[in-house]
1. I'd like the residue in the range B:130-156 that is among the charged types (D, E, K, R) and within 19 Å of the chain's Cα centre (by Cα) and, out of all such residues, is farthest from A:CYS96 (Cα to Cα).
2. So in the range A:258-287, with the set limited to residues that are more than 21 Å from A:ALA406 (Cα to Cα), among the aliphatic types (A, V, I, L, M) and in a strand (DSSP E or B), which one is farthest from the other protein chains (Cβ to nearest Cβ)?
3. Could you look through the range B:60-75, keep only residues that are surrounded by fewer than 17 Cβ atoms within 10 Å (Cβ to Cβ) and of a type outside the set (Gly, Ala, Ser), and pick out the one that is nearest to A:SER186 (Cα to Cα)?
4. Just to be sure before I move on: is B:ASP57 under 17 Å from the mean Cα position of the chain (by Cα), surrounded by fewer than 20 Cβ atoms within 10 Å (Cβ to Cβ) and at the interface with chain A (Cβ under 10 Å from one of its Cβ atoms) in the structure I sent?
5. Give the residue, chosen from B:ALA15, B:ALA32, that is in contact with a helix residue (DSSP H, G or I) (Cβ under 9 Å, 6 or more places away or on another chain), over 25 Å from A:THR95 (Cβ atoms), surrounded by fewer than 18 Cβ atoms within 10 Å (Cβ to Cβ) and more than 10 Å from chain A (Cβ to nearest Cβ).
6. Give me a count of the residues in the range B:115-156 that are crowded, with 21+ Cβ neighbours inside 10 Å and over 26 Å from A:GLY171 (Cα atoms).
7. Could you go through the range B:83-94 and let me know if any residue there is in the same structural domain as B:ASN141 (by TED's automatic domain parsing), of a type in the set (Val, Ile, Thr), touching a Lys or Arg at 6+ places or on another chain (Cβ under 7 Å) and on the phi < 0 side of the Ramachandran plot.
Amino acid sequence: MASLVSHPDEVKVVSRRFGQGATNIDRYLELDGYKAVQKAFAMEPDAIINEVKNSGLRGRGGAGFSTGMKWSFVPKQSAKPKYVLCNGDESEPGTCKDRLIFEHDPHAVIEGVMIAALAVGSQTGYIYIRGEYRYLSIIMQKALADAYARGFLGKNIFGSGRDLDIYWHGGAGAYEVGEESALMESLEGKRGIPRIRPPFPAVVGLWGGPTVINNAETLASVPHIILGGAEWYAKVGTPKNGGTRLFCLSGNLEKPGVYELPMGYNLRKMIYEVGGGIPNGRELKAVVPGGSSTPVLLPEEIDISMDFDSVAKAGSMLGSGGVVVLDDTNCIVKFALRTMKFYRHESCGWCIPCREGTDWLEKTLTRFHAGGGLKKDIDNIQYLSENMLGRTFCPLGDAAAMPTIAFVKKFRKEFEDHLEGRPCPFERAGAVEQLPVLA
Amino acid sequence: MKFSDEFETRFTMMARHYPTKRSVLVPALLYAQDEIGYLSDEVIQEIARRLELTELDVRNVISYYSMLTTKPRGKYNVQVCTNIACMLRGGEELFAHCRKKLGIGHKQTTQDGRFTLEEVECIGACSWAPAIQVNYDFHENLTVEKLDKVLDGYQK
């Protein structure tokens, strides 16, 4: 459904089978499918974990935590069943990559869950897919049924004497459920209220059992690592940032799309070469480098390597891989307001700093954008945001606060231009219609 | 309260996937809603009974998830994304156009019960923005003209 793009700089690992008909299990097998899991069967669990550790694979959901390390936290012995949970609740604004994986290569996700299950000694896996992605849950259900029919799942898989079940699970619309403890609550049939940590899910997770939770792209990368080897995968990226990443380019670009680029790819090149630059002869104004929750970067800050550590050093986050590009016709106050409106809508209300903070910030920004802002509001916006940081169970409060702080810090003048009843300087009739829309 | 055979088969199958009954709740509610159109009192009572939950438990969960609704909707739920990536490429104009064309606002339904309009948060179509979803179908890279054609396609 979603159209595919390509660029010569791409290194296709996770996207290797996109557009190749790999939803069909026979086609998947032709394209080296289910070879990695068979290789993993011959390995000790610790060897699998070490291989993933050495590959430098870090969580593609946004936090960027070492996947192998996460797996190693699961206790070897457990009285309660252990679980593997694939997080396919992709909802960070700017992010649309897991969707392509489920659409084009669902078996890679299943195989990744299988390998994770072998590594941590689990017999049950769940693949959670966001509710809006109904067509993908249909694709996934078919893929699972095919894998069962071949004996790849169920009892005595691949004749190994081991049993492994994997099920899909559907959400019903909630950004917060993408946070791992809320994801577990949701899978248990409850409101997605985050849990306090510790204990971490690796120790006390689903129904109290040790649980490994990884993003869909992370898990889809695992079979390639097992087959190609940690050394090869690590070399594709930069030190401590192994492999490739699906970058979702969106916003004011000539060629938006999802491109698989090596970790550490230069952001300026990503925007001007891969993404084709800014249309209509406009100038770059700002970039949100890793989904709506990541602090904005200015045009002079984009000569950076897109890996977790370099983007963190630049004061932002690589996040979920959603690169949102703004040209100079856009109003930052309005953009900040739309971002905050989202977080206010998605805040579950469990933690007061997030519930009240997002509401106040949306109200203040709305008033501000309408020309009713007061000078002291600018500092108040920053003060409120800073007081949300680190004061909530889940990172939704941080996700709302971090970009807002950056908008105020980096575009203070633009906030001031909205003061004293002045109309927004960017509200021009038809400004948005001038943007080209791809056929 | 009677659901279709398809729902019953799915419900029975899903119930086997989890160690607790309750885990079926969210997907079961969504499938029930797809069938009945909304989560009526009868649906809520029935699901609560089956999963050995109180009605309050079920309503608590319903109110958390944005896709679940206890109010009837039109045959086609037009969900227009105006979140950042869509906003930058005309999502707000699409929403304004829908309001004008359908003569309804956010979460309202046309008189003939054909369309409900909803301004939604990110639907995961950022690289193909602006985008809308009609029920579960994605329509991407839209312009106002293309949107007209999409909506006309649902008139029949």
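1. B:ASP137
2. Initially, the range A:258-287 is screened for residues more than 21 Å from A:ALA406 (Cα to Cα), giving A:258-266, A:269-270, A:272-282.
Checking which are among the aliphatic types (A, V, I, L, M) leaves us with A:258, A:261, A:263, A:270, A:274, A:278.
From what's left, in a strand (DSSP E or B): A:258, A:261.
Numbers: A:VAL258: 5, A:LEU261: 14 Å.
Among those that are more than 21 Å from A:ALA406 (Cα to Cα), among the aliphatic types (A, V, I, L, M) and in a strand (DSSP E or B), it is A:LEU261.
3. Start the filter on the range B:60-75 by keeping residues that are surrounded by fewer than 17 Cβ atoms within 10 Å (Cβ to Cβ), which leaves B:60, B:63, B:70-72, B:75.
Of the ones still in play, those that are also of a type outside the set (Gly, Ala, Ser) are B:60, B:70-72, B:75.
Working: B:ASN60: 12, B:THR70: 19, B:LYS71: 22, B:PRO72: 24, B:LYS75: 28 Å.
Looking at residues that are surrounded by fewer than 17 Cβ atoms within 10 Å (Cβ to Cβ) and of a type outside the set (Gly, Ala, Ser), I get B:ASN60.
4. Details: under 17 Å from the mean Cα position of the chain (by Cα): no; surrounded by fewer than 20 Cβ atoms within 10 Å (Cβ to Cβ): yes; at the interface with chain A (Cβ under 10 Å from one of its Cβ atoms): yes.
Criteria not met by B:ASP57.
5. Numbers: B:ALA32 fails: surrounded by fewer than 18 Cβ atoms within 10 Å (Cβ to Cβ).
Exactly one residue qualifies, and that residue is B:ALA15.
6. 2
7. Taking the range B:83-94 first, the residues in the same structural domain as B:ASN141 (by TED's automatic domain parsing) are B:83-94.
Checking the rest, the ones that are also of a type in the set (Val, Ile, Thr) come to B:84.
From what is left, the residues that are touching a Lys or Arg at 6+ places or on another chain (Cβ under 7 Å) are B:84.
Still in the list and also on the phi < 0 side of the Ramachandran plot: B:84.
Yes.
Per-residue answers, yes or no, for (1) polar (S, T, N, Q); (2) more than 12 Å from chain A (Cβ to nearest Cβ); (3) touching a Leu at 6+ places or on another chain (Cβ under 9 Å):
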position	(1), (2), (3)
B:GLU52	no, no, no
B:SER63	yes, no, no
B:LYS75	no, yes, no
B:ILE104	no, yes, yes
B:GLU119	no, no, no
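The values are calculated or read from the model by the stated rules, or taken from the named source; none is laboratory data. Please read all numbers here as calculations on a predicted model, not as lab measurements. Ideal geometry is used to build each Cβ from the backbone, glycine not excepted, and the neighbour counts take in all protein chains shown.
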